[in-house]
Amino acid sequence: MTERVPLALLPGLLCDARLWAPQIAALADLAEPWVADFTTQSSVGEMAESVLAAMPPRFALAGLSMGGYVALEVLRQAPDRVLRLALLNTQADPDSEAQTARRRGLLELAGKGEFKGVTPRLLPLLVHQARLDDEALVATVMAMAEAVGKAAFLRQQQAIMDRHDSRPTLVRISCPTLVLCGRQDALAPVDKHTTMAAGIRDARLVVVEDCGHLSTIERPEAVNRALRGWLEG
């Protein structure tokens, strides 16, 4: 029997282990998964440090959205410890002015005590338009946001806005790398991933059709196939 590889799974903003539940189940024969908890840290750097502290000396690393920012920070801090890298629905460059303005608006909304209004506003950006009436999917997204809570949401948004520009890091990545996104991702569009993949030596780009930002729970079968090939490659 093949020895399972330690696999760090890094969730996005307002997400928890449920974001990776389909992958934990489907990849159990190949990987020994651990899901990060990013509810207490105040910066992307601290999030990366928590991953490095929890994982063995060498491990595979997959991050979605904010988790991707953290994954790139892990590579900045300890590149020799990462066996394989998967960047899902994320970007290496800093936020645009429009993205920063949207984040500040959500912070203001939450600061006024209207935290429950945040996720309904974000939903059309998080999932494919055709999935907005998928009650089970929407319930999962809402439940994760409620579990993460307002205080962590405020810290996560500020951490994201303060993160490093990771574009200079890309050329130094030498481990097998998967770059994956949804065709209809409204937050991290395909062109961001195309550019990222082009900047990383021998990176594989996978675009999942009919899929928005939360690919792991929107199109788990396609994501599982891509991650299985990445782990086996």
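Against the condition in a helix (DSSP H, G or I), without any contact (Cβ under 8 Å) to a residue 40 or more places away in the chain and surrounded by 13 or more Cβ atoms within 10 Å (Cβ to Cβ), how does VAL138 come out, does it pass? Can you show your working first?
On the way: in a helix (DSSP H, G or I): yes; without any contact (Cβ under 8 Å) to a residue 40 or more places away in the chain: yes; surrounded by 13 or more Cβ atoms within 10 Å (Cβ to Cβ): yes.
Spelling it out, VAL138 is indeed in a helix (DSSP H, G or I), without any contact (Cβ under 8 Å) to a residue 40 or more places away in the chain and surrounded by 13 or more Cβ atoms within 10 Å (Cβ to Cβ).
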Practice prompt. Please work out which one of (1) modelled with pLDDT under 95; (2) over 15 Å from LEU13 (Cβ atoms) is the condition ASP210 fails and give its number.
Written response: (1)
Worksheet item: Of the residues that sit in segment 83-134 and are within 18 Å of the chain's Cα centre (by Cα) and acidic (Asp, Glu), which one is surrounded by the fewest Cβ atoms within 10 Å (Cβ to Cβ)?
Response: ASP93
Worksheet item: Quick one: which of LEU7, LEU19, LEU87 is under 24 Å from VAL148 (Cβ atoms) and either of a type in the set (D, E, K, R) or in contact with a Ser or Thr (Cβ under 6 Å, 6 or more places away or on another chain) (or both)?
Response: LEU19
Worksheet item: Taking the condition within 22 Å of PRO189 (Cβ to Cβ) and basic (Lys, Arg), does ARG131 pass?
Response: yes
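Of all residues in segment 54-70, how many are assigned to a helix (DSSP H, G or I), over 17 Å from VAL5 (Cα atoms) and either in contact with a Cys (Cβ under 9 Å, 6 or more places away or on another chain) or not hydroxyl-bearing (Ser, Thr, Tyr) (or both)? Outline the logic, then answer.
Taking segment 54-70 first, the residues assigned to a helix (DSSP H, G or I) are 54, 66-70.
Next, only the ones that are over 17 Å from VAL5 (Cα atoms) stay: 66-70.
Next, only the ones that are either in contact with a Cys (Cβ under 9 Å, 6 or more places away or on another chain) or not hydroxyl-bearing (Ser, Thr, Tyr) (or both) stay: 66-68, 70.
Residues flagged as assigned to a helix (DSSP H, G or I), over 17 Å from VAL5 (Cα atoms) and either in contact with a Cys (Cβ under 9 Å, 6 or more places away or on another chain) or not hydroxyl-bearing (Ser, Thr, Tyr) (or both) within segment 54-70 amount to 4.
For ALA147, are the conditions met, namely being outside any loop (DSSP other than H, G, I, E, B), in contact (Cβ under 8 Å) with a residue 60 or more places away in the chain and touching a helix residue (DSSP H, G or I) at 6+ places or on another chain (Cβ under 7 Å)?
Criteria not met by ALA147.
Please state which one of LEU19, LEU61, LEU13 is over 23 Å from PHE115 (Cβ atoms) and touching a residue at least 12 places away in the same chain (Cβ under 8 Å).
Details: LEU19 fails: over 23 Å from PHE115 (Cβ atoms); LEU13 fails: over 23 Å from PHE115 (Cβ atoms).
Being over 23 Å from PHE115 (Cβ atoms) and touching a residue at least 12 places away in the same chain (Cβ under 8 Å) holds for just one of LEU19, LEU61, LEU13, which is LEU61.
The values are calculated or read from the model by the stated rules, or taken from the named source; none is laboratory data. Just so it is clear, the model here is predicted, and its values are computed rather than measured. Neighbour counts run over all protein chains shown; Cβ positions are idealised from the backbone, glycine included.
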